[in-house]
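Rule-based calculations on the coordinates, nothing more; no lab input. Being a predicted model, the structure only gives us computed values, none of them experimental. For neighbour counting, all protein chains shown are included, and Cβ atoms are generated from backbone atoms with ideal geometry for every residue, glycine included.
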RNA sequence: GGGUAAGUGCGCCGAAUUGGUGAAGGCAGCGGACUGUAAAUCCGUGACAUAGAAACACUGUAGGUUCGAGUCCUACCUUACCCA
């Protein structure tokens with residue numbers, strides 16, 4: 001299912017075949033938590049204009065609203081949001097982290113207070129798999145605990161061991177669900193998730209343990225949650241040698257353009273992050289010359305496109321001055337255009353990464369763009 | 001001409017108990033943050049200054065009462081409304 005087509009150092013150019021189409025890696029998955037890209041971008045935009053390969057949705061959010069039963073009745077997420085490409089659903093594990101004040105963790109699973117109406121929600125490995133099966137995503141993520149940083153070694157160790165037990169339960173439940181005639185996508189894939197906070201021994205031990213479990217891919221979770229960037233890169237370097245070479249590797253929730261370039265350099269294939277969409281809605285745009293705050297006065301009468309090197313529908317049609325105006329006057333179109341630009345940028349970034357790995361020029365690409373894309377755009 | 005009400009820091013709005021620390025807060029402007037989305041959100045922002053201290057400045061204007069005045073008194077100015 002996963003083939004490495006080319007390699008340049010540790011960087012891999014791959015292809016992952018799924019029932020919803022082939023994914024060219026490295027890939028950036030576009031985050032539409034509640035079956036929608038925030039900022040008003042639809043699956044039609046993603047497909048026709050933004051070079052999106054994979055859309056990511058969230059188990060917890062969709063369970064809360066509109067409920068997975070509703071989506072199941074509507075024929076699954078693909079039909080529901082009219083997206084025929086691959087979909088990855090996150091398991092709700094990140095909400096164990098982000099809704100820290102609203103949940104309680106037990107061996108059987110996690111008790112949440114809904115962030116919408118406060119009602120009690122229980123989610124364990126089986127529930128997460130059942131919901132994701134209803135959603136009928138291409139790839140389901142294992143239900144894990146994303147441990148906060150910093151965390152005690154003893155807590156992280158116990159949490160890792162529980163996450164392993166949860167993965168075994170996820171695997172068993174998914175196999176059962178995939179065998180049911182009533183299941184919409186009976187070829188749903190499961191990705192296991194590595195945890196261990198920033199402790200090398202826990203990370204490696206956990207990776208060695210979960211690679212024994214038959215998953216379609218493996219993710220590194222629990223990073224970019226407050227630790228310094230060099231610590232994140234260090235953890236990737238520690239874990240990567242123990243990740244199967246014939247399966248995709250997914251760095252969850254990461255990251256900045258520079259983070260992605262650096263992680264690919266260290267052997268990662270899949271990414272997702274809210275950063276392009278969230279920052280766009282907040283007026284921060286990514287360009288090939290660095291980061292641009294479009295609300296800044298400097299762009300008040302700037303007739304140039306956001307990025308002269310960019311081929312996105314926004315840069316082909318509108319000026320910086322116009323987009324700035326939309327933001328300053330709180331027109332919804334501003335957010336939409338900004339999100340479209342940033343997603344196109346991320347999808348083009350991974351496209352360029354793939355080309356450079358194929359051509360064996362990834363090291364030069366990385367040296368040039370890793371610092372450049374993290375800098376502030378001049379002008 | 002007479003009467004009533006009101007004037008608050010940086011453009012606008014606006015709070016301030018029976019007078020009691022150098023006047024809350026909001027908007028706008030300007031800048032920043034954001035990493036498996038409780039986020040179209042949050043933070044900073046009078047001026048000056050690298051920063052701190054000192055100094056300077058504060059309720060239309062000018063006086064007065066008082067230990068102490070945005071709050072009380074007097075005059076004037078401005079605005080709104082009412083009566084001629």
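Taking springs between alpha-carbon atoms closer than 10 angstrom, which of A:340, A:129, A:292 fluctuates most in the Gaussian network model of chain A? Among A:340, A:129, A:292, the largest mean-square fluctuation in the Gaussian network model of chain A belongs to A:292. Here the gap between residue A:98 and residue A:67, fully extended at 0.36 nm per residue and compared with their Cα-Cα distance, gives a gain of 9.1 nm. Counted by neighbouring Cβ atoms within 10 Å, the residues A:72, A:344 run from fewest to most as A:72, A:344. Paramagnetic label reach from residue A:179 (point 7 Å along Cα→Cβ; backbone nitrogen cut-off under 16 Å): within the stretch A:110-125, no residues. Note on chain A: helix-only mean residue ellipticity at 222 nm, from DSSP H runs of 4+ residues weighted -39500 (n - 2.57) and normalised by residue number, equals -12000 deg cm²/dmol. When the Cα centres of the stretch A:300-329 and the stretch A:158-184 are compared, how far apart do they sit, in Å? One Cα centre to the other: 47 Å.
Considering only DSSP beta bridges where both residues belong to the stretch A:2-273, give the percentage that are antiparallel (nearest 5). Looking only at bridges with both residues in the stretch A:2-273, the antiparallel portion is about 45 percent.
Cβ-Cβ distance of residue A:325 and residue A:379, R₀ of 25 Å, FRET efficiency by 1/(1 + (r/R0)^6): the value works out to about 0.90. Each distinct pair of alpha carbons in the stretch A:181-311 adds a 1/r term; the inverse of their mean, the Kirkwood radius, is 17.0 Å.
Site pair residue A:317 and residue A:282 shows an inter-label distance of 2.7 nm when each label is modelled 7 Å from Cα along Cα→Cβ. Each residue in A:230, A:8 was given a count of other beta-carbon atoms within 10 angstrom of its own, and listing them fewest first yields A:230, A:8.
Extent of the stretch A:280-372 along its three principal axes (Cα atoms, max minus min coordinate, largest first): 46, 21, 20 Å. For the Cα trace of chain A, dividing Rg by the Kirkwood Rh returns an Rg/Rh value of 0.96. Comparing mean-square fluctuations of A:303, A:219, A:142 from a GNM of chain A with C-alpha springs under 10 Å, the top value falls on A:303. I'd like the distance separating the alpha-carbon centroids of the stretch A:52-71 and the stretch A:101-134, in whole Å. Cα centroid to Cα centroid, the span is 14 Å. On the principal axes of its alpha-carbon atoms, the stretch A:69-130 has extents of 36, 23, 19 Å, going from largest to smallest.
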